[in-house]
Structure formats: C-alpha cells, structure tokens
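J.: Sharing a structure, written as structure tokens. Questions coming.
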Amino acid sequence: MSAPAFASLLRWELRQVGRNRLLWLVLAILVLAMGWGALSGATLHRQQDAAIEHARQADAAWMQQVRERAQRYAAPATGELPYWQDPTDAAGFSRYFLRTQAFKPHLPLSALAVGASDLLPARLPVKLETPFGIEPVYDFENPRGLALGRFDLGFVLVYLLPIACILLIGLLTSFERDNGMLRLIAAQHVGPRAWLGARIAAIALWLAPSVVLGLLAALALAGTDLTAAAPELLTAIALVLAYLAFWLALGFAVAASWSSAAAAISTLVAVWALLTIGVPLAGGAAAAAFAPAPSAASMVDAQRRANDAIAEHRDEIVAAAFRRRTDLATVVERVGSIDYATRLSFLTPELERRLQPLQRQQTQARIGRERAADLIAYLSPSLGLQSALATLAGTDLARHRRFEAQTRAYQLRLRDWFYPRLQRQIVATPARTPADSYGRLNFTDYDAIPVWSGPQAPPSARAGRVAPIALWLCLLAAALTAWALSRLRHWPTEL
C-alpha cells in the first residue's frame, strides 16, 4: 500500500478508535489513577520534608539552649558540675550535647515515584560512637502497609498502563474477527500489515498523548514545580513513551496471530504477569542464592561479642593506644581515670576494626544483589521502568546508598574534629575547672563544629543512568514490531 493510501486508512482508524467508548473509559480511569497516585506520593514526601524542617529547627533550638547554658556556667558558682552535664567540656559536649543529623531532602520530581522513600529514612542522627556512621532508625509506618506497597504514580505507570494497552489492543484489534467482519476486510484492496498496523498506530496516537498529558496533569495536581523538574520530567516522558511503545509492540505481535479477544487478552495478561511478577521473583531468589548476606541476627551477635570483648579489655586497648602516641605515652597511668566519652574515642575505632570483616561481607553481598537487580531490569521491563522512575524521582536505592556514604564521611569529619580536642584534655592540668566558674570552659567553639552537607547529583547524571533502559525498551519495541510485520505477509488462511 502506498504512503497516501496508508495515511488515509490511518485517519479513518483514528476516527473509528476515537469514537469507541472503551477508549475513553480506559483513558479516564488511567488519568484518575495517575492523579491519585501522584497525590499519594507527594503527600508522603511533604510529610517527610516537614519532618526534616522540624528536625532542623529542633536542633537549632537545642544549640541555642546549649549556648545559654554555657553562658550561665561561665559565672562563679559553688559545687562541682559532672562532666556529662557540662556543655563547656569537650568530652561532655561530644557525648551528651552534640546533636546533629544528616538530611536527604526530596528532589523536585519526587512525586513521580515513592521508590524506597517509604522504607528508608530521610534523616539520620549522627553520633561519634555509632559503628560505621549509620544509626539504625526508621520512621514509624504500619508494617502491613509497607508490605503491600504504596499506590503512587510510578505504580500506575508500571503496572496499570500495560493493562490499559492490553485491554485496548485485545478488544479493538479483534473486534472484526470476533464479529465475522475480517473476511470482508480481507476482500478489499488492503493488506494485513496496513490494516492491522493502522489500527495499532491509531491506538498509539490516542494513548501516547493522553498518557503524557495525564502525567503532566497528575504532577501539577500534586504540586510539582514542573519548571524546576524540567530535565528529569523530559527524561521521564521519553522513558514512559518507550515503555508504552514496548507494550504496544508486544500487543501488535500477539494481534498478528489473528487470535480472538479472549485469547489475545489471556496471552497478554500471562506475559504481563511473567514480566512483572515472575521474572523479578525468580531473579531475586537467584540473587539471594548466589550472593548470600549475613543475617541481621549474626550482625547483632557479632557486635555484642565485640562489645563484650572490648569492655573486658578496655584499659589494655586504651593503654596500647596511649603508647602509640608520643603526646600520650608519658601519661599511661591516667588510662583508668579518663572519662567515658574520652575512652570511647579510643574504643570506637577498635570496635569498627573488629567488625570490619563482617561489614565488608555484608557490603559485598549487597553490591552483588544490586548488580543482579540491574541485570534483571533488562529481563523485566516493568522492573526496569520502576527503577528508572525512582532514579529520576530521587527515591531510588542508589541515592540512599550515596546518602549513607555521605553520612559516614560526615561522621568521620566530626571525629577528626572532636577526638583531638577530647584527647588533648588528657594531658591538660588535672584541675580543669576554672576557679571562678561553674563549668570547665575548655570547649565553647560551637560555631566551628563541622556542619552537614550532602551534595546531590546533577539531573544529567540521573538522566544518564536511565538512558540505557529507555534505549533497551525502544530496541525491544522495534524487534517486536519487525517480528509482527514479518508475520503479517498474508491474511490468515482460515478466513
């Protein structure tokens, strides 16, 4: 068929498909689901951002109270103040008054996908003595709700959009066959490629703009600043269109077998279940088998054993650290008299050293599983889109891992800043409290404490990470389309 004839056929198919009530019913449900999902995700993230801001204000108010207390303790007073109640003592402040957190604010396009943001905390308290920098905290959520997952915009695009394609292709491409009209069409001067191709193209031309407009409307309804999120948004649109093209091409390949509506829908639903449920489950089981991770119980048991061993030999460990230091080697006799906070500055690194092998094993297992998940994403387009949307939204697991690494780096910065100040007091004059003040006043430099900073990756980096998935989906769509066209050389003989 010539190009002008195909264009005429396509225009006719566009009108016919556009008059079908099924199309508008499916589109209406899809767009409403997008809006509901975007609002659900945006509400969660607004609550988390509000919690972050509340935590910032609480930390600032706490430090203001510390400064006011330091001013009061600088005045003459009688009696002795315990070091754990003295914010003007370096050891007391580092252990009992230091209050700082690492924050992971949401990105402009966070409403696109909840990702792992309902499972992983958006803020982490940073303490000097926490092994490896990560405090085991979580935001309270209903565990059953977490197990079910959250209905968000990503869920609609990943799982419901293919179902919309299945219904439209399964019903609209088999209507003539189920009603005995295909033989009349085959008698006309039109080939199967042109006729079925025009029908699929008409469905695509109605569906693709509606999905894009629904996506934009849902994000705007959720309060997303589309201008600030423009780079990620354009990438997300291209990604969703590539995903839509894959399912349309898959439906085209199934329709090329000239099956009935029931057979076409059953086949497509089976493929949908295999790709969205079967492949991820099988891949996850295989990854867990080939990259086993230490259990949480073994980690807790190892830390308990290490803590007990260090507590039993704490003076020997600290004395050995003293002897390795030229400034402390001459005061080894003071090992038993140093305060608990200062003692931790020697014991905490030793605890991490003993736990390092198990921590390394856990990290290697996690990296192996995440690499396996990246490979499985190419076998399961649904999993690939889900991961890509979370990446663009900034709710992916990789961003949280970077956040944890930044938190650990910040903890080490705090240690490098505080530990010399704590250990310097070991060789200071024993009478550390000035005669005319209530506090020790050996630490009042609160403004010089390192502050948290967690730089974010640029939008181009996030777009670059999802580009291979988009390209892979386009290649799959092209291959399925070519296969379908190769099958449509002739009308079926059973007509």
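J.: Regarding Thr348, is this residue under 17 Å from Leu422 (Cα atoms) and within 33 Å of the chain's Cα centre (by Cα)?
T.: Numbers: under 17 Å from Leu422 (Cα atoms): yes; within 33 Å of the chain's Cα centre (by Cα): yes.
Answer is yes for this residue.
J.: Kindly provide the set of residues from the range 93-129 that are closer than 20 Å to Glu68 by Cβ, in contact with a helix residue (DSSP H, G or I) (Cβ under 7 Å, 6 or more places away or on another chain) and surrounded by 24 or more Cβ atoms within 10 Å (Cβ to Cβ), ordered by number.
T.: Ser94
J.: Would the range 369-378 turn up any residue that is out of contact with any strand residue (DSSP E or B) (no Cβ under 7 Å at 6 or more places or on another chain), farther than 30 Å from Cys474 by Cβ, surrounded by 15 or more Cβ atoms within 10 Å (Cβ to Cβ) and touching a residue at least 24 places away in the same chain (Cβ under 8 Å)?
T.: no
J.: Those residues that are under 20 Å from Val158 (Cβ atoms) and among the small types (Gly, Ala, Ser), I need them from the range 252-286; list them, please.
T.: Ala270, Ala273, Gly278, Ala282, Gly283, Gly284
J.: What number of residues in the range 113-128 are under 16 Å from Gln406 (Cβ atoms) and touching a Leu at 6+ places or on another chain (Cβ under 7 Å)?
T.: Total satisfying the criteria: 1.
J.: If you check Gly115, Gly92, Gly79, which single one turns out to be not in a loop (DSSP other than H, G, I, E, B) and not β-branched (Val, Ile, Thr)?
T.: Gly92
J.: Let me ask something else about it. Among the numbered criteria (1) exposed (fewer than 14 other Cβ atoms within 10 Å of the Cβ); (2) assigned to a helix (DSSP H, G or I); (3) not hydroxyl-bearing (Ser, Thr, Tyr), which single criterion is violated by Leu216?
T.: (1)
J.: Is it the case that some residue within the range 396-404 is outside any helix (DSSP H, G or I), within 31 Å of the chain's Cα centre (by Cα) and farther than 30 Å from Ala74 by Cβ?
T.: For the range 396-404, residues outside any helix (DSSP H, G or I), within 31 Å of the chain's Cα centre (by Cα) and farther than 30 Å from Ala74 by Cβ: present.
J.: Next question. Out of the residues in the range 414-443 meeting the condition of being modelled with pLDDT of 85 or more and surrounded by fewer than 16 Cβ atoms within 10 Å (Cβ to Cβ), tell me which one is nearest to Phe132 (Cα to Cα).
T.: Here the residue is Asp416.
J.: Does the range 23-32 hold any residues that are buried (at least 18 other Cβ atoms within 10 Å of the Cβ) and either in contact with a Gly (Cβ under 9 Å, 6 or more places away or on another chain) or free of Cβ contacts under 8 Å to residues at least 12 places away in the same chain (or both), and which are they?
T.: Result: Leu27, Leu30, Val31.
J.: Being hydrophobic (A, V, I, L, M, F, W, C) and over 13 Å from Pro105 (Cβ atoms) is the filter here, so list the residues in the range 38-69 that pass it.
T.: Scanning the range 38-69 gives Ala38, Leu39, Ala42, Leu44, Ala58, Ala60, Ala61, Trp62, Met63, Val66.
J.: Can I ask one more? So, Ala60, is that one surrounded by 18 or more Cβ atoms within 10 Å (Cβ to Cβ) and of a type in the set (Gly, Ala, Ser) or not?
T.: no
J.: Which count do you get for residues in the range 302-314 that are surrounded by 12 or more Cβ atoms within 10 Å (Cβ to Cβ) and assigned to a helix (DSSP H, G or I)?
T.: Residues in the range 302-314 being surrounded by 12 or more Cβ atoms within 10 Å (Cβ to Cβ) and assigned to a helix (DSSP H, G or I): 8 in total.
J.: Given the criterion over 33 Å from the mean Cα position of the chain (by Cα) and either at pLDDT below 90 or crowded, with 16+ Cβ neighbours inside 10 Å (or both), identify the matching residue among Glu13, Glu68.
T.: Being over 33 Å from the mean Cα position of the chain (by Cα) and either at pLDDT below 90 or crowded, with 16+ Cβ neighbours inside 10 Å (or both) holds for just one of Glu13, Glu68, which is Glu13.
J.: Something else now. Would you check which residues across the range 283-307 are within 22 Å of the chain's Cα centre (by Cα) and free of Cβ contacts under 8 Å to residues at least 12 places away in the same chain and list them?
T.: Residues satisfying the conditions are Ala285, Ala296.
J.: I want to confirm something. Restricting to the range 444-495 and keeping residues that are at pLDDT 90 or above and basic (Lys, Arg), which single residue is farthest from Asp374 (Cα to Cα)?
T.: Checking each candidate, the answer is Arg462.
J.: Which residue is nearest to the chain's Cα centre (by Cα), if the candidates are limited to the range 451-491 and must be surrounded by 16 or more Cβ atoms within 10 Å (Cβ to Cβ) and not in a helix (DSSP H, G or I)?
T.: Here the answer is Trp452.
J.: For the range 265-301, which positions are surrounded by 15 or more Cβ atoms within 10 Å (Cβ to Cβ) and aliphatic (A, V, I, L, M)?
T.: Across the range 265-301, the qualifying residues are Ile265, Leu268, Val269, Val271, Leu275, Val279, Ala287, Ala291, Ala293, Met299.
The values are calculated or read from the model by the stated rules, or taken from the named source; none is laboratory data. Fair warning: this is a prediction, and the values are worked out from it, not measured in the lab. Cβ: placed from backbone, ideal geometry, glycine included. Neighbour counts: every protein chain shown.
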